[in-house]
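Any read-out appearing in this document is the output of simple, stated calculations on the displayed coordinates, not a laboratory observation. If you're wondering where the values come from, they're calculated on a predicted model, not measured in any experiment. Backbone-built Cβ (ideal geometry, glycine too); neighbour counts: all protein chains shown.
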Amino acid sequence: MINLEDIVRPVAMDFRTFEDAFAHALLTENTLLREVLQWATAKRGKQLRPTLVLLSAQLCNRGGAGINDKTIQAAVALELMHTASLIHDDIIDSSDLRRGQESVWKHWNQKIAVLAGDYILSKAMSLIGNLRNLQIMNIVLGLTSSLSSGELMQLNYTGENIFLSEEESMRITELKTASLFSACAEVGAVSAGATMKQQTALREYGRHLGICFQLKDDAFDYSEGEELGKPTMGDIRDGKLTLPLIVSMQRATRADKQYMHNLLLRPLSEDDLQEIKSFVLRYDGLGYTNRKMQEHYNAGLDCLSVFREGRLRSSMEELLRYAVVRTN
């Protein structure tokens, strides 16, 4: 089993500096806002994105120099952007829970959640502006565009218009998930003065890493609930088709495809969900998704070949491996 602590170890001291800076960025005299921010950041998850910023920067550091404050502030800004996007996503998806506790909009209301998300995003942009680095600014501005475009593209496929192609599904994955991982890796590289070759390699590495994470999440929907410790089929319950089902629909016989099409447009019972899972297994949608994930895993490893072997590169390789073997 891959241990995230082992992956972070090469930048463990820098990560503590990041955590202090992140907490400082959330300070405010507004009582309500402070309560909301504390609630929204109480359970921070795996914090993979700031880890990626720090590892990428250290991988590109010349002469063994330590991570600079520019890298720390960039990591804080990107984690703030991620936090804001989760608050807004929960409103869009009407999600009651986030990491085992009530989402911000559910605990307060939508107005407060929107404003809190906007505030966090503005703090992130302020930090990026203070870096006075046009290249980093352009990367982050491109990221905001990608995240919004991906969410809007996904909203196209709701209600009776839930059917999308594999190409469209992968494009949403690139915009909504991979773009943030890619930006984290590239910003980390730029903040450390990377060469263009290193910067390009890490941008692509982050993209492949993000795709692996999303495809693994898609595969989880068709795994056993006992393994994950949470209900499966969450996306399909929410009316979202992901790659395993999309590919299965493409491969199905005309009769099976029509039957599944009609089933997906009605309210789904637990028996319906089991039937969908059996359909995906029958047409190897899960196997296809896992093979696709393996392709991006291999491509991500290839991106790291421009760096010399060592513990930092090993951590980046292990982070990629973690994306495909994790169980939650």
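Restricting the GluC sites (Glu not before Pro) of region 19-61 to loop positions (DSSP other than H, G, I, E, B) with no more than 11 neighbouring Cβ atoms within 10 Å leaves 29. Once the Cα atoms are used to define both axes, helix 48-60 deviates from the longest principal axis of the chain by about 50 degrees.
For region 111-253, take the alpha-carbon Rg, divide it by the Kirkwood Rh, and send me Rg/Rh.
Working: Rg = 17.8 Å, Rh = 17.1 Å.
Computed over Cα atoms, the ratio is 1.04.
Look at where the Cα atoms of region 130-176 and of region 14-44 average out, and the two centres are 26 Å apart.
Work out the FRET efficiency for residue 115 and residue 259 from their Cβ-Cβ distance, taking R0 = 56 Å, and round it to the nearest 0.05. The value I calculate is 0.75. Between residue 93 and residue 130, the distance separating the two model label sites (each 7 Å from Cα on the Cα→Cβ line) works out to 3.1 nm.
Against the main long axis of the alpha-carbon atoms of the chain, helix 31-40 sits at an angle near 60°. Note on region 4-325: semi-axes of the ellipsoid equivalent to its C-alpha gyration tensor, largest first and rounded to whole Å, are 34, 25, 16.
In this structure, the residue pairs whose Cα-Cα separation is over 19 Å, taken from 106/240; 257/292; 70/123, are 106/240; 257/292. For the chain, the longest principal axis of the C-alpha atoms and the axis of helix 285-303 are separated by about 20°. Extension gain for the segment residue 44 to residue 314, taken as residue separation times 0.36 nm less the Cα-Cα distance, is 94.7 nm to one decimal.
Here the calculated FRET efficiency for residue 32 and residue 162, from their Cβ-Cβ distance with R0 = 41 Å, stands at 0.65, rounded to the nearest 0.05. Between residue 274 and residue 138, the contour length at 0.36 nm per residue exceeds the Cα-Cα span by 44.4 nm.
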